[in-house]
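This report refers to the structure that appears directly beneath it.
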Amino acid sequence: MYTESIQTEQHQRDIYASRGGVTAKIVPRRDPILYCDIDDSGVIDSPALQSYRKNGFLVVDKVFTQVEVNTFLQEMENLAGHHRRSGSDEAIVEAGSAEVRSVFRIHETSPLFKRVASDRRLASIAEQILNDRVYIHQSRVNFKPGFRGEKFYWHSDFETWHVEDGMPRMRALSASITLTENYPWNGPLMFIPGSHKYYVVCEGETPEENYKRSLRRQELGIPDDAHLRSLYSEGGIHTVVGKPGSVVFFDCNVLHGSSGNITPAPRSNLFFVYNALSNRVRSPYCDCPPRPEYLCSRKNVTPI
Ligand code: 6CS
Ligand code: FE
């Protein structure tokens, strides 16, 4: 029987408590955004580091060539076909159709994407910003197919990774590789610049196996309208319309989302989540069993 009295010390000192019996509110971030000095000694130069610190994301164009992107697209289709045939858990199907929405753990199931995950064009930027050795906390391809690609409602990845995966602090970032043209109208990634400087505490109890719903349609651990409106009025919305081969590096806590895609043009992106080795996950902060390994590296934490 889980009672207050046996709450672990980890839970008692939870500075990023969310869900459970807490009241929705906005609190200041308690962690650095940049763990490195702002100088020109690393891959990312000072102006770009300052932009990342200010906004919570950074777009880098032409990281991968169109030839490389074409191989990623082919591998993406191979993975979708394989997982569709095998019905594996790693493939998430859209809530309103039979379309594949996401395929997770691609850094382990695909030799090609395993190489991409440790590619210096990505990993060295993660190591610079996080100022630590890094490992892949989660990887996925989001298909957002044409006609029936559904939305990803506004959220902070960290809120989920903290509450459901036990990620202690905000020392992780995502690299999103654009595989298809991200137009203003086919469900591009949207950010609320500056929202990463706050932590939006959410209400609601986390049910067991929440991920079976949240990965198709996230309704828990999302900011309420009032708090979203206040962060929006401060930072606005930035829509990332990038060419294939561009990469968006974004902080684990910046609010982001994307609208549904009713156009014929798919909006497919690869995501690799780099977590600092010193920030490896502990037990979940919610009263649920840990999420599966394909969503959160727990057993296989191999520094790049
Ligand atoms: O639950 C998660 O880990 C996933 N959910 C979203 C909406 N973004 C991050 C991650 O892929
Ligand atoms: Fe996300």
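The values are calculated or read from the model by the stated rules, or taken from the named source; none is laboratory data. For clarity, every value in this text was computed on a predicted model and none was experimentally measured. Backbone-built Cβ (ideal geometry, glycine too); neighbour counts: all protein chains shown. The accessibility values were calculated without ligands, DNA or RNA, using every heavy atom of the protein model including side chains. Shrake-Rupley method; radii C 1.70, N 1.55, O 1.52, S 1.80 Å.
Tabulated data
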| read-out | value |
| --- | --- |
| Helices (runs of 4 or more DSSP H) contained in the stretch 96-205 and holding at least 3 residues touching a residue at least 60 places away in the same chain (Cβ under 8 Å) and among the small types (Gly, Ala, Ser) | 120-130 |
| Selected residue (criterion: nearest to Thr206 (Cα to Cα)) from residues of the stretch 169-190 that are open to solvent by 10 Å² or more (accessible area, probe 1.4 Å) and in contact with a helix residue (DSSP H, G or I) (Cβ under 7 Å, 6 or more places away or on another chain) | Arg169 |
| Complete set of residues in the stretch 228-249 that are hydrophobic (A, V, I, L, M, F, W, C) and outside any loop (DSSP other than H, G, I, E, B) | Leu228, Leu231, Val247, Val248, Phe249 |
| Restricting the stretch 135-149 to residues that are touching a helix residue (DSSP H, G or I) at 6+ places or on another chain (Cβ under 9 Å) and aromatic (Phe, Trp, Tyr), the residue that is least open to solvent (accessible area, probe 1.4 Å) | Tyr135 |
| Options Phe152, Phe191, Phe158: the member that is under 24 Å from Ser51 (Cβ atoms), within 12 Å of ligand 1 (Cβ to nearest atom) and in contact with a Leu (Cβ under 9 Å, 6 or more places away or on another chain) | Phe152 |
| Residue that is at pLDDT below 95 and either among the hydrophobic types (A, V, I, L, M, F, W, C) or within 27 Å of Ile304 (Cα to Cα) (or both), where the choices are Leu255, Leu231, Leu270, Leu220 | Leu220 |
| Every pair of residues 6+ apart whose Cβ atoms lie under 7 Å, when the first sits in the stretch 264-288 and is under 20 Å from Glu68 (Cα atoms) and open to solvent by less than 20 Å² (accessible area, probe 1.4 Å) while the second is assigned to a loop (DSSP other than H, G, I, E, B) and modelled with pLDDT under 95 | Arg267/Lys144; Arg267/Asn182; Ser268/Phe143; Ser268/Lys144 |
| Options Tyr153, Tyr198: the member that is at negative phi, open to solvent by 50 Å² or more (accessible area, probe 1.4 Å), within 16 Å of ligand 2 (Cβ to nearest atom) and among the aromatic types (Phe, Trp, Tyr) | Tyr153 |
| Flag for Val273 being in a strand (DSSP E or B) and touching a Gly at 6+ places or on another chain (Cβ under 9 Å) | no |
| Candidate set from the stretch 1-55 (those that are of a type in the set (S, T, N, Q) and over 26 Å from Val248 (Cα atoms)); member that is modelled with the highest pLDDT | Ser18 |
| Selected residue (only one of Val301, Val247 is at pLDDT 95 or above, surrounded by 19 or more Cβ atoms within 10 Å (Cβ to Cβ), of a type in the set (A, V, I, L, M, F, W, C) and out of contact with any helix residue (DSSP H, G or I) (no Cβ under 6 Å at 6 or more places or on another chain)) | Val247 |
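Yes/no matrix, rows are residues, columns are (1) open to solvent by 10 Å² or more (accessible area, probe 1.4 Å); (2) among the basic types (Lys, Arg); (3) more than 15 Å from ligand 1 (Cβ to nearest atom):
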{"site": "Val63", "(1), (2), (3)": "yes, no, yes"}
{"site": "Gln66", "(1), (2), (3)": "yes, no, yes"}
{"site": "Glu77", "(1), (2), (3)": "yes, no, yes"}
{"site": "Glu90", "(1), (2), (3)": "yes, no, no"}
{"site": "Ala95", "(1), (2), (3)": "yes, no, no"}
{"site": "Ser110", "(1), (2), (3)": "no, no, yes"}
{"site": "Arg120", "(1), (2), (3)": "yes, yes, yes"}
{"site": "Glu127", "(1), (2), (3)": "yes, no, yes"}
{"site": "Arg133", "(1), (2), (3)": "yes, yes, yes"}
